[in-house]
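> Pasting a structure here, questions to come.
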There are 2 protein chains.
Amino acid sequence: MSALGYALLGLLARESLTGYELTSRIRERVGPFWSTSHSQVYPALARLEAAGLVTHQVVAQSDRPNKKVHAITAQGLAALTRWVTTPVAPRSARDELVLRAYCMWVADPVETAALFREHAWLHEERLAAYERKGAAMEREWATDLDRIDSPHFASYAAVRRGIGHEREYAAWCRWVAARLEAGAAASRTASER
Amino acid sequence: MSALGYALLGLLARESLTGYELTSRIRERVGPFWSTSHSQVYPALARLEAAGLVTHQVVAQSDRPNKKVHAITAQGLAALTRWVTTPVAPRSARDELVLRAYCMWVADPVETAALFREHAWLHEERLAAYERKGAAMEREWATDLDRIDSPHFASYAAVRRGIGHEREYAAWCRWVAARLEAGAAASRTASER
DNA sequence: TAAGTCATGTAAAAAGTTACATGATTCT
DNA sequence: AGAATCATGTAACTTTTTACATGACTTA
């Protein structure tokens, strides 16, 4: 069973959903830590169903196409529970921007600084979104956030990770950009003299 | 051209290397931000060579198997330079631990806390290693670290990212573990009463 | 003597992305 | 009239991982 399978089970443990909804939930809820496309979700759901971890019910709709609502089974919940405490294979993230940073000495500093400023801005935006989400959770789910068996606590933990990650990432982008800008300014002054 | 191709060009822009060395360099230098295996490196090198971005020379060795030392070409350096300032497609990281956090409400809190303590420790170790590396760079390459056209500056930037990432990640793991431990203790007290 | 390093490859399987395919409703 | 949302799938392609394959030298 792939990680995607467990991601789907994790979402279905909270509520029954269609393939379409699962695809958008992954983008919205765990977006920066997992991603997928619907073309991967539909076959994965079929595999989960074949393994008896998920069932589905067709819900007829008059105005929209019929939908298949998927629900987790007792077996599926048991598999998910086992998986959570299973050792995590430490696969490294693939971050193309860090890769570019490692190679930036060959490129134009002004253009490179612009790239990093752009990403600083992007991650500041994401940080603000996470902070709003976190604040809303603290307001709405105050009592639940201490209950470790509540999905609200788990959601809040993921958001906290998002906040920390985006804050650190944006700061790093700003640091790189500032260094490049200072260096570019220094070499301009030197050539003018 | 894939990101892996540029990662290899980025390493070859600094020094000529064999496929074996490239594989280990990726692990050592950009480990947590990119990873690959030798089985991906050798075909990738062949493709780079077919595209004229890399050349190689066979170096005979008496005590060890002969090696193919790969060097970047002028064309390869030009391609790398263009790539650095190219917009980065914002692919999301795939972090199984965050996924587990999102699902932890279904699992045993004591076991889950142990998992997060283990990862806190792992990232603290990595943080310490990055901090040592960063300090060594500041000592040895002091003057170069301001030169934006120096590979030392680029290496230092990657290490700074590593430090920030590991520090934040370890703190998050500790936060999750502490919450789970507090929650588990509270529910134990409640059941004893 | 067993494990680790140096050294280069191929093959198969799994995971992920992008494109193809269809079709109704709703909003701008 | 065009774009977005809801809704489900398949096909082709790329990327990544894991396993197969070999072999000498060095260190514990």
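> What order, most packed first, do the peptides B:93-100, A:32-39 have when packing is the mean number of other Cβ atoms within 10 Å of each residue?
Ranked by mean Cβ neighbours within 10 Å, highest first: B:93-100, A:32-39.
> Another question about this same structure. With labels modelled as points extended 7 Å from the Cα through the Cβ direction, what inter-label distance (nm, one decimal) is found for A:Ala185 paired with A:Ala71?
Here the answer is 6.4 nm between the modelled labels.
> Springs between alpha-carbon atoms under 10 Å, Gaussian network over chain A: tell me which of A:Ala177, A:Ala120, A:Ala89 tops the mean-square fluctuations.
A:Ala89
> In percent, what relative contact order does chain A have, based on Cα pairs under 8 Å that are 6 or more apart in sequence?
19 percent
> Could I ask something else about it? Write down the radius of gyration of segment B:63-182 and its Dmax, each obtained from C-alpha positions, in Å.
So, for segment B:63-182, Rg and Dmax equal 20.4, 60 Å respectively.
> Ok, one more. Taking amide H positions as placed in the peptide plane 1.01 Å from N, state which residues far from A:Leu17 in sequence (5 or more) or on other chains have amide H under 5 Å from it.
HN-HN under 5 Å from A:Leu17: A:His70.
> Where a ≥ b ≥ c are the square roots of the eigenvalues of the C-alpha gyration tensor, would you call segment A:15-62 rounded, which needs a/c under 1.5, or, failing that, prolate if a/b is larger than b/c, or oblate?
Here segment A:15-62 falls in the oblate category.
> Same structure again: From the square roots a ≥ b ≥ c of the eigenvalues of the alpha-carbon gyration tensor of the protein assembly as shown, which class results: rounded (a/c under 1.5), prolate (a/b over b/c), or oblate?
The shape class here is prolate.
> Now a separate question. Let a ≥ b ≥ c be the square roots of the eigenvalues of the Cα gyration tensor of segment A:1-115; is it rounded (a/c under 1.5), or, if not, prolate (a/b larger than b/c) or oblate?
Oblate, since a/c reaches 1.5 and b/c is not below a/b.
> With r as the distance between the Cβ atoms of B:Val58 and B:Arg82 and R0 = 35 Å, compute the FRET efficiency 1/(1 + (r/R0)^6) and round to 0.05.
For B:Arg82 and B:Val58, the calculated efficiency is 0.70.
> From other protein chains only, count the Cβ atoms within 10 Å of every residue's Cβ in A:30-38, then give the mean.
4
> Determine ³J(HN,Hα), in whole Hz, for all residues of segment A:144-153 in sequence, where each value follows from phi through the Karplus function 6.51 cos²θ - 1.76 cosθ + 1.60 and θ = phi - 60°; x replaces Gly and Pro.
Result, ordered by residue: 6, 5, 8, 7, 5, 9, 9, x, 5, 4 Hz.
> Right, something else. Per residue of A:106-114, how many C-beta atoms from partner chains lie within 10 Å of its own C-beta, taken as a mean?
Across the residues of A:106-114, the mean count of other-chain Cβ atoms within 10 Å is 5.
> Output the relative contact order of segment B:1-115, whole-number percent, from Cα pairs under 8 angstrom with separation of 6+ residues.
25 percent.
Read the figures in this text as sums done on the coordinates, not as results from a lab. In this text the structure is predicted, and so the values were computed from the model without any measurement. Positions of Cβ are generated from backbone atoms using ideal geometry, with glycine treated the same way; all protein chains shown enter the neighbour counts.
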